[in-house]
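Read-outs throughout are calculated quantities, based only on the coordinates presented, and are distinct from any laboratory measurement. Please read all numbers here as calculations on a predicted model, not as lab measurements. Because the Cβ atoms are built from the backbone with ideal geometry, glycine has one as well, and the counts that use them run over all protein chains shown.
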Amino acid sequence: MTDKFKNVSMNGRMAYTIMCVESYLAEKFPNKDWTLICKILWQATSSNWGDWSDIYSSVIPDVIFQYEEYSNEDYEGILSEEEFQNVKNLFSGITKGIENDPGDEVNYMLNKPFEMAMVYEGTVIGDGKESFNIIENAENILKKNGIALPDYKKVLFSSADEHNGWGNDFDGEYLSIILNKEQK
Amino acid sequence: MSKGNSGLFPSLSHNTSSSPNNNKPGPTENKMHSNVKNWAEREKEKLHGKAKKGFNTACVVYDESTGKHYYGKNAGYKEPGYVKNPILFGDSTHPGLLPKESLNKYPIGNCAEVDAINKALNDGANINNLHMTVIHTTNHQFGSYKESCENCNYAFRGKVKINYSGWKEGN
């Protein structure tokens, strides 16, 4: 595990984590429309993670389920009221929004990119072992469900030599199997 | 120590602080740690939803010239009414202590250290008099020391008096 991503930037590790999430969603819930969630996810590779994590957390089940009604304060500029309701409906019946519970797989997987953005916020990457753990946890869910792992070689281009280990920004949408269905 | 009347003891004129209070000794490392931990626990209780999810760092700085404490959290700069101190953020004619471009994946000013130090400077503190402690506030690491990031190393290393949480290695 450590060797595969040792020379990959944090941005590349984020991209791979998102690829894991997409593989899970596409395989387990192929009839649901994950476009909005994935559009937000892939903003991560070209945005600062201070702002992106605030936007993305809005659509994680354990967060959005805390809001019975649309909150202008927390959702204006991120989701319309209609989108807010659509996301809640999307998750209805497939997750209870229980934090840190591998048994609640949908919420657990959707938290992985958020965790990747948080793990070294305000500190340094160091040996990166915490980020490798996040990836490993995502991969374990895929393995448990018999889902093929994404091709990690697709993120090797994003080198840990770039930008103090964080990697340069790039538009990661081309890596999406949900937003680019023909590449699946 | 600084009685100049007899001529036997030179007056203490090389004080690094401009304070008239002859710099109080700071709280112990443990006291700083418990102060920020207690503050963070109270803060976390006030938060819900996205704000609670996103709260991951707390910082306390102590001004040894006044004995005051200032507390900050990550993304504190987004709070309504936040005033950016030009010593940190610069102004139209002078650069600030913070780097012009972020050295990592987070926006300039995002850190808990910046929030706390910004408050101290806005209150008239001298950065050279500040003692600092930074901790994680996530559930699984709550209270653990958090080493400063690239941006804070650039801005504050060699400027704040003490950082109990540590600086980036090799920087």
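Some points to look at:
- The range B:70-93 residues near the modelled B:Lys100 label - backbone nitrogen below 14 Å, point 7 Å along Cα→Cβ: B:90-93
- Legend: mean number of C-beta atoms from other chains within 10 angstrom of residue C-beta atoms, peptide A:47-53, equals 6.
- Per-peptide packing, taken as the mean over residues of other Cβ atoms within 10 Å, places A:64-71, A:16-23 in the sequence A:16-23, A:64-71 from highest down.
- Qualifying GluC sites (Glu not before Pro) in the range B:92-171, where qualification requires a DSSP coil assignment and no more than 11 other C-beta atoms within 10 Å, comprise B:Glu101, B:Glu169.
- Think of it as helices only: each DSSP H run of n ≥ 4 in the protein assembly as shown is worth -39500 (n - 2.57), and spread over all residues that comes to -11000 deg cm²/dmol at 222 nm.
- For the range A:77-166, the set of trypsin sites (Lys or Arg not before Pro) satisfying both a DSSP loop assignment and a count of at most 11 other C-beta atoms within 10 Å is empty.
- Here's the picture: a label point sits 7 Å out from the Cα of B:Glu43 along the beta-carbon direction, and within the range B:57-79 the residues with their amide nitrogen under 15 Å of it are B:57-62, B:69-79.
- Assuming charge only on the beta carbon of Lys and Arg (+1) and of Asp and Glu (-1), the dipole of the protein assembly as shown about its Cα centre is about 1120 debye to the nearest 20.
- Under 17 Å of direct C-alpha separation, and excluding same-chain neighbours fewer than eight residues apart, B:Lys84 reaches these lysines: B:Lys73, B:Lys100, B:Lys119.
- Dipole size of the range A:2-183 about its Cα centre, with +1 on Lys/Arg Cβ and -1 on Asp/Glu Cβ: approximately 920 debye, rounded to the nearest 20.
- Sites matching chymotrypsin sites (Phe, Trp or Tyr not before Pro) across the range A:129-163 that sit in DSSP coil, with at most 15 neighbouring C-beta atoms within 10 Å: A:Phe157
- Quotient of Cα Rg and 2.2 N^0.38 Å for the protein assembly as shown, N being how many residues it contains: 1.12
- Using equal-weight Cα scatterers in the Debye expression, the normalised intensity of the range A:133-184 in log10 at q = 0.13, 0.17, 0.30 Å⁻¹ is -0.44, -0.73, -1.12.
- Other protein chain C-beta atoms within 10 Å of residue C-beta, averaged over B:144-150: 4.
- Debye, to nearest 20: dipole size of the range B:33-163, +1 on Lys, Arg Cβ, -1 on Asp, Glu Cβ: 360
- Label-point separation, A:Asp51 to A:Lys39 (7 Å along Cα→Cβ), nm: 1.7
- Remark: the A:Lys4-A:Lys96 segment gains 29.8 nm on full extension, using 0.36 nm per residue and subtracting the alpha carbon distance.
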